[in-house]
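Enquirer: The structure that follows is given in the form of structure tokens.
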Amino acid sequence: MSSEISGPEMVKLKNAVVQHFDPGNWKELGALTDTLDEVTNHPRLLRSLRFQDPDYDEHVFTFLQMMIGENDKNADIVRDYIARECPEIGENVSSNENDRRRIVFSPDIFDVPSESIDPNLVSVMMPFDASMNAVYEAIKGAASDTGLECRRVDDIWEHSTVVQDVFSLIFKSYIVVCDFTGKNPNVFYEAGIAHTLGKHVIPITQSAQDVPFDLQHHRYAQYLDNNEGREKLREELRSRFKTLSERDVFW
């Protein structure tokens, strides 16, 4: 059950949104809380933000209440998203001592991207081997079937180091597919980053023996690397992608 949001905490959340949110933030949070239609169709919210109207503050407060919903069902989603997008107030958002502990990180190895999370982005962490290309195509097909974009780190070259591109891709992704086939240490490392950043991680593998012991209690998709097996993987991932894109749940 979501943690209850107190009155003082709601005021802090509202003030953070007023100071930092842009239309993209509202749409992302709407997608995460299944209120995207309400965000885009609201007659005043985005308009008052765009034109800096004096009533924006009031619309933010009432809309956050609606977005959180009855019985605070979306409280943790709203709280965590605002804390992540407004890091300078992230440690102080909650006034409830019983709330979940949060991690505010400042990595030395990586630069944190300035871009926001893309609710339509699926990233794939897998061995860089030509033999895995057909598997990647099956994953891309599943993403395309559900209206999502799928990317692998070799699809981009934005930084001088590969590890920064990996981190940036995971950071911006909503869903991260990790193929543990072959016990590739890079994939293990990337899965750890994805879990730490709170991503929806979907493990897949050709062999159950390749799934790390610490992750064997999580559900994973096992597949055969042939036409029939890859098509079955595509169907299974299509179902999972659809579920995750429609509401904020973890696999």
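None of the figures in this text is laboratory data; all of them are computed from the coordinates on show. These figures come from a predicted structure and were not determined experimentally. All Cβ positions, even for glycine, are placed from backbone atoms using ideal geometry, and neighbour counts span all protein chains on display.
Enquirer: So what's the convex hull volume per residue for the Cα atoms of the range 121-246, in Å³?
Expert: Roughly 99 Å³ of hull volume per residue.
Enquirer: Next question, about the same structure. To the nearest µm²/s, what D does Stokes-Einstein give for the range 7-90 at 20 °C and 1.002 mPa s, using the Kirkwood radius over alpha carbon pairs as Rh?
Expert: Translational diffusion coefficient: 169 µm²/s.
Enquirer: Which residues' amide hydrogens lie under 5 Å from the amide hydrogen of Thr181, considering only partners 5 or more residues apart or on another chain, with H built in the peptide plane?
Expert: Residues meeting the criterion, in which the H sits 1.01 Å from N, are Gln206.
Enquirer: Scan around Cys150 for amide H atoms under 5 Å from its own, H built in the peptide plane at 1.01 Å from N, and keep only partners 5 or more places away or cross-chain.
Expert: Val122
Enquirer: For Thr196 paired with Asn120, estimate the spin-label separation in nm (one decimal), with each label point 7 Å from Cα along the Cα-to-Cβ line.
Expert: That separation, rounded to one decimal, is 3.0 nm.
Enquirer: Computed FRET efficiency, Cβ-Cβ of Ala130 and Gln65, R0 45 Å: what is it to the nearest 0.05?
Expert: 0.30
Enquirer: Further question on the same structure: Report the local net charge at Phe188: Lys and Arg +1, Asp and Glu -1, summed over other residues whose C-beta lies under 12 Å from its C-beta.
Expert: It works out to a net charge of -3.
Enquirer: Less than 28 Å apart at the alpha-carbon level, and either on another chain or at least 8 residues along: which lysines does that give for Lys27?
Expert: Once the sequence-local lysines are set aside, what remains near Lys27 is Lys12, Lys14, Lys73, Lys140, Lys172, Lys199, Lys242.
Enquirer: Could you give each residue of the range 183-189 its phi-based ³J(HN,Hα) in whole Hz, using Karplus coefficients 6.51, -1.76, 1.60 with θ = phi - 60°, and x for Gly or Pro?
Expert: So the J values, rounded to whole Hz, are 6, 5, x, 5, 5, 4, 4.
Enquirer: Hey, another quick one. Once the Cβ-Cβ distance between Arg47 and Ser239 is put in as r, and R0 is 45 Å, what FRET efficiency do you end up with, to the nearest 0.05?
Expert: Between Arg47 and Ser239 the formula returns 0.75.
Enquirer: Now, a different point. Averaging sequence separations of C-alpha pairs under 8 Å and six or more residues apart, then dividing by the length of the chain, give the relative contact order as a whole percent.
Expert: Over the chain, the number comes to 18 percent.
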